[in-house]
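The values are calculated or read from the model by the stated rules, or taken from the named source; none is laboratory data. Just so we're clear, the structure is a prediction, and the values are computed from it rather than from any experiment. Note: ideal-geometry Cβ built from the backbone for every residue, glycine included; neighbour counts use all protein chains shown. For the accessible areas, the whole protein counts, side chains as well, though only heavy atoms, and no ligand, DNA or RNA atoms are used. Shrake-Rupley method; radii C 1.70, N 1.55, O 1.52, S 1.80 Å.
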Amino acid sequence: MARQLEIDRLSKRFGEITALEDITFQVSAGEIFGLVGSNGAGKTTAMRIVLGVIAADAGEVRWEGTPVRLDTRRRIGYMPEERGLYPRMRVAEQLEYLACLHGMTASAAHASVDAWTERLGVADRRDDDVIKLSLGNQQRVQLAAALVHDPEILVLDEPFSGLDPVAVDVMSAVLRDKAGTGVPVVFSSHQLDLVERLCDRVGIVRHGRMITAGTVDDLRAGGREELIVHAPQAAPGWADRLPGVTVHDHSDGRTRLTLGEDADDQLILRAALATGPVHEFARRRPSLTELFRHIVGPREEIS
Amino acid sequence: MSAETSNDRAIMLIARREISTRLRSKAFRVATLISILILVGIALVSKISSGGPSYQDVGVTPAAASTTDRLTAVARALHIDLRVHDVGEAAGRARVRDGELDGLLVGDDPAAIDVVVQTGLDDDLRSVLQLVAQRAALDRQVSALGGDPATVSAAVAGARVRVTPLERPTETDGQQLALGIITSVLIYMSLLINGQAVAQGVVEEKTSRVVEILLATVRPRQLLIGKVLGLGTVGLIQMAAIALCGIVAGTATGALHMHASATAGTVVWLIIWFLLGYTAYSLAFAGVASLVSRQEDVAAVVTPVLMLLIVGYVIGVSILPSTPDSGFVAALSLIPIFAPTLMPVRLALGVVPAWQAVVSLGGIVVAIPLLLWLSARIYQNAVLHSGARVRLRDAWRTG
Ligand SMILES: Nc1ncnc2c1ncn2[C@@H]1O[C@H](COP(=O)(O)OP(=O)(O)OP(=O)(O)O)[C@@H](O)[C@H]1O
Ligand SMILES: [Mg+2]
C-alpha cells in the first residue's frame with residue numbers, strides 16, 4: 001500500500017460560505033507539500049478536517065489507503081493556526097502530557113521532550129510557565145508539541161509565522177529531517193520564497209479548490225520565461241520588431257523581455273550585439289510569488 | 001492496544017493533569033481555607049447559641065462527701081449532665097483554677113453548700129446546688145417535726161408532670177440539627193466550588209485554544225469525563241479535609257458529641273451524595289460553560305445551573321432546622337435536581353424513610369447518564385467554536 005496521505009474531494013460549508021469544494025491532493029511519504037492560497041482560501045479548514053477537529057460535509061482523508069480515524073490521528077503531529085497551549089503549565093510538563101496523550105510512555109515522553117526542547121532552543125525554559133515565554137518561543141514550544149510524540153505524519157498550519165530568521169532555519173531543517181525519515185509533511189504558508197525553497201511540491205488553493213499542484217518547476221511550465229538583456233548603447237525599441245518577443249520595460253540600457261513560442265533567443269542576442277556591447281544576457285525563471293500572482297490573479301494577492 | 005484501554009488511559013491522563021494543576025492552584029487553596037474557616041465558625045457559633053450539652057464537672061471534697069448521692073439524684077431529675085469527682089481540697093482548688101472543674105464543694109453542711117468556682121457559677125449548676133441545699137434543709141425540718149425524711153423524699157420524687165403531645169414530636173435533637181446544618185453547608189459549598197471549577201476549566205481550554213490540539217488526539221467526551229473525574233477527585237479530598245476539620249472543631253468546642261454510628265452514617269451519606277451531586281452538577285456546568293469562550297462570560301452562562309443549586313440550599317437551611325419533617329422539602333429531595341442539596345441534610349437529621357432514600361438515589365443514578373449524554377453533545381458541538389457565545393439551540397443541532 002502506498003504510504004501517502006490522500007485528501008480526497010473534501011467539501012465543507014459554513015452556513016452560506018463554501019470553505020472547501022472538492023479539494024483533492026496527495027502527499028507521499030518523505031515529501032514536503034506546501035499549501036498556499038489567499039486568505040480565506042480554505043487551507044486551515046482542510047487541515048482541521050484532516051485532524052478530525054471539524055467534520056467534512058463530504059469526502060475522505062486516507063493514510064496508507066485506509067480512512068483516517070482517531071488512532072491514526074494520534075500519530076499525526078499538528079500545529080494549529082491558532083496556537084494553543086495551557087498558559088499556566090510548565091513547558092516540559094505540558095509537552096510530556098501531550099506526548100503521553102498521543103500514546104507515548106512517560107519515560108519515552110520525558111526523553112523526547114528533552115531532545116526536542118534542546119533542538120528547538122527552548123531547553124532553558126523547560127520549567128517556566130508557557131505564558132512567560134515570548135511569542136516566538138511559545139511558537140517553538142508549539143512546534144515541539146507537534147513533534148514530541150515522534151509523529152508519522154506532520155500537518156502544520158503556518159508554522160513559520162512569527163519566527164525569527166534563526167528559528168526559520170531551524171524549523172526548515174527539522175521539516176527536511178522529518179521528511180528524510182519518510183514522514184509526509186504538509187504545511188501552509190504565505191512566505192512563498194520559503195515554500196519555493198523547501199517544498200518538493202506545492203498546491204495552490206483558491207475558493208476551496210486545488211487549482212494546481214506540482215513541483216515548482218511544473219508550475220513554471222505554465223508561465224512564460226523572461227529574458228534580461230543589458231546592452232547600454234541599445235536604443236529604446238531595439239527589440240520591438242523581433243518575432244515572438246514582448247518587451248516589458250527598458251531602462252538604463254536594461255531590457256526585460258518575455259519570449260513566446262516562436263521566439264529565437266539567438267536572433268535576440270544578435271540584435272542586441274548589433275547595438276553595441278552586451279554585458280548581460282540571462283534567462284530568469286519566474287518566482288513562485290510571480291506564478292502565484294499570475295494564477296490567482298492580481299486582485300487576490302497574498303497580503 | 002485495544003480502543004478501550006487507550007480510551008481509559010486518555011481519561012486517566014486528563015484526570016491526572018486536572019488533579020495536579022488544581023492542587024497547585026492558589027484559588028483552590030484559598031477556597032478550601034475559607035470553607036474550613038466558615039465551618040469552624042459555625043461550630044463555634046452553634047456552641048455559643050445552644051449553650052452546649054456539655055457536662056458539669058463538680059469536685060467533692062471528703063468533707064462534703066455526704067451530698068454526693070443527693071447531687072447526682074437531683075441532677076438526673078433536672079436532666080443536667082453532671083459528673084462528680086472525689087478530690088482533696090487543695091487538688092480540687094487547683095483543678096477549678098485550671099478550668100477542669102466547674103465547681104468544688106468544700107463545706108460539710110449539706111443545707112448551706114459552699115462552692116468554689118473559677119469566676120462564676122453556671123446557672124444549671126446553681127439550680128442543682130440550690131435544690132440539694134433546699135432538700136437538706138427540708139429533711140432537717142421534717143426530722144425536727146418527727147417525720148421520716150425518706151418518705152417525704154420518695155413522695156417528692158414521685159411528683160410528676162404528665163405531658164400528652166397532640167402531634168407526633170420530631171425526633172431530632174440538637175446534635176442532629178448541628179450535623180444537618182454542617183452537612184448542608186458542606187455539600188453546597190463543595191458542589192459550588194467544584195462545579196464552578198469544571199466550568200472555568202472548560203472555558204480556559206477554549207480561551208487558550210489548547211482544545212484544538214487536544215481534540216486532535218482525544219474525543220470531546222474523553223476530555224469532558226477526564227476533567228470531571230479529576231476535579232471530582234480533588235473535590236472529594238477537599239471535602240474530606242473540610243469535614244474532618246469541622247468534626248474536630250465541633251468536638252473540641254463541645255458543639256458536637258460523637259455518637260459514632262450517627263456521625264459515621266452522616267459522613268458516608270455525605271460522600272455518596274457529594275459524588276452523585278457533583279457528577280450531575282459538574283456535567284451541567286461543563287455543558288453550559290462550553291458555550292462561551294471568555295472567562296468573563298462564564299458567570300452569566302452558568303447562572304441558571306447555579307440557581308438550582310442555590311435554591312436547594314436555601315430551602316434546606318431555611319425550612320429544615322425548624323421543620324425537619326417538612327413534607328414539601330421531602331418531596332423536593334426526591335427530585336434529582338434538588339436531591340444533592342436536600343437529601344444528605346435530611347439524612348443527617350434522621351428523618352428519611354428508607355423508601356425515600358432509595359427513590360432519590362435511583363432518580364439521580366438515572367439522571368447522570370442522561371446528563372452525560374446531553375452535556376457531551378452540547379460540549380462536542382460548542383467547544384471548538386471560539387468567539388461569540390454559541391446559542392444552546394445551535395449547539396444542540398449541529399453535528
Ligand atoms: N468556524 C467557521 N465558521 C464560519 N466560517 C468559517 C469557519 N472557519 C472558516 N470559515 C470560513 O471558511 C473559509 C475558509 O477559511 P480558512 O480559515 O480555511 O482559510 P485559510 O486558507 O486558512 O485562510 P488564511 O490564509 O487567512 O489563514 C473562509 O471564508 C472563512 O471565513
Ligand atoms: Mg488559515
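Odds and ends about this structure:
- Some residue of region B:115-122 being open to solvent by 60 Å² or more (accessible area, probe 1.4 Å), closer than 21 Å to B:Ser66 by Cα and not polar (S, T, N, Q): no
- Residues that are free of Cβ contacts under 8 Å to residues at least 24 places away in the same chain and either out of contact with any Gly (no Cβ under 9 Å at 6 or more places or on another chain) or assigned to a loop (DSSP other than H, G, I, E, B) (or both) were ranked within region B:80-108; the one that is most open to solvent (accessible area, probe 1.4 Å) is B:Arg97.
- Tally, over region A:97-113, of residues that are open to solvent by less than 50 Å² (accessible area, probe 1.4 Å), more than 9 Å from chain B (Cβ to nearest Cβ) and over 27 Å from the mean Cα position of the chain (by Cα): 3
- The listed residue being in contact (Cβ under 8 Å) with a residue 40 or more places away in the chain, within 12 Å of another protein chain (Cβ to nearest Cβ), more than 16 Å from ligand 1 (Cβ to nearest atom) and open to solvent by 50 Å² or more (accessible area, probe 1.4 Å), out of A:Arg119, A:Arg69, A:Arg88: A:Arg88
- The residue pairs whose first member lies in region A:263-278 and is under 14 Å from A:Ile228 (Cα atoms) and open to solvent by less than 60 Å² (accessible area, probe 1.4 Å), whose second member is in a helix (DSSP H, G or I) and at pLDDT below 90, and whose beta carbons are closer than 6 Å, counting only pairs six or more residues apart or on different chains, are A:Val278/A:Ala272.
- Of the criteria (1) at positive phi; (2) modelled with pLDDT of 90 or more, which one B:Gly387 fails: (2)
- Some residue of region B:220-241 being free of Cβ contacts under 8 Å to residues at least 12 places away in the same chain, in a helix (DSSP H, G or I) and either within 14 Å of another protein chain (Cβ to nearest Cβ) or within 38 Å of the chain's Cα centre (by Cα) (or both): yes
- Output for region A:1-22, where each listed residue is more than 10 Å from ligand 1 (Cβ to nearest atom), crowded, with 16+ Cβ neighbours inside 10 Å and among the hydrophobic types (A, V, I, L, M, F, W, C): A:Leu5, A:Ile7, A:Leu10
- For region A:183-215, taking the residues that are over 16 Å from A:Leu10 (Cβ atoms) and small (Gly, Ala, Ser), the one that is farthest from ligand 2 (Cβ to nearest atom) is identified as A:Gly214.
- Among the residues of region A:43-93, the one identified as touching a strand residue (DSSP E or B) at 6+ places or on another chain (Cβ under 8 Å), of a type in the set (S, T, N, Q) and more than 16 Å from ligand 2 (Cβ to nearest atom) is A:Thr72.
- Top-ranked residue of region A:167-177 - restricted to ones that are in contact (Cβ under 8 Å) with a residue 40 or more places away in the chain and open to solvent by 20 Å² or more (accessible area, probe 1.4 Å), ranked as farthest from the chain's Cα centre (by Cα): A:Val170
- Residue in region A:255-262 that is away from ligand 2 (no atom under 16 Å from the Cβ), open to solvent by 50 Å² or more (accessible area, probe 1.4 Å), out of contact with any Pro (no Cβ under 9 Å at 6 or more places or on another chain) and in a loop (DSSP other than H, G, I, E, B) present: yes
- Those residues of region A:122-142 which are under 24 Å from B:Glu204 (Cα atoms), hydrophobic (A, V, I, L, M, F, W, C), out of contact with any Leu (no Cβ under 6 Å at 6 or more places or on another chain) and surrounded by 15 or more Cβ atoms within 10 Å (Cβ to Cβ), in sequence order: A:Leu133, A:Val141
- A search for C-beta distances below 7 Å between a residue of region B:15-31 that is crowded, with 20+ Cβ neighbours inside 10 Å and any residue that is among the charged types (D, E, K, R) and at pLDDT 90 or above, counting only pairs 6+ apart in sequence or on different chains, returns B:Glu18/B:Lys227.
- Pairs, first free of Cβ contacts under 8 Å to residues at least 24 places away in the same chain and more than 23 Å from B:Glu212 (Cα to Cα) in region A:25-49, second more than 10 Å from ligand 1 (Cβ to nearest atom) and assigned to a strand (DSSP E or B), C-beta under 8 Å, six or more apart: A:Gln26/A:Gln4; A:Gln26/A:Leu5; A:Gln26/A:Glu6; A:Gln26/A:Ile7
- Residue check for A:Glu64: under 25 Å from the mean Cα position of the chain (by Cα), open to solvent by 30 Å² or more (accessible area, probe 1.4 Å) and more than 7 Å from chain B (Cβ to nearest Cβ): yes
- Condition check for B:Ala249: open to solvent by 40 Å² or more (accessible area, probe 1.4 Å) and either at pLDDT 90 or above or away from chain A (no Cβ under 14 Å) (or both): no
- Residue under evaluation B:Val383, criteria (1) touching a Lys or Arg at 6+ places or on another chain (Cβ under 8 Å); (2) away from chain A (no Cβ under 14 Å); (3) aliphatic (A, V, I, L, M), criterion not met: (2)
- When region B:5-35 is filtered for residues that are more than 14 Å from every other protein chain (Cβ to nearest Cβ) and modelled with pLDDT of 85 or more, the ones remaining, listed by number, are B:Arg29, B:Val30, B:Thr32, B:Leu33, B:Ile34.
- For the condition under 20 Å from the mean Cα position of the chain (by Cα), farther than 26 Å from B:Val358 by Cβ, at pLDDT below 95 and part of a helix (DSSP H, G or I), B:Ser318 qualifies.
- Test: residue in region B:365-378 that is open to solvent by less than 10 Å² (accessible area, probe 1.4 Å) and over 16 Å from the mean Cα position of the chain (by Cα): yes
- Failed item in (1) more than 8 Å from every other protein chain (Cβ to nearest Cβ); (2) away from ligand 2 (no atom under 16 Å from the Cβ), with A:Lys12 passing the rest: (2)
- Among the candidates A:Gly34, A:Gly40, residue that is within 14 Å of ligand 2 (Cβ to nearest atom), more than 14 Å from every other protein chain (Cβ to nearest Cβ) and open to solvent by 40 Å² or more (accessible area, probe 1.4 Å): A:Gly40
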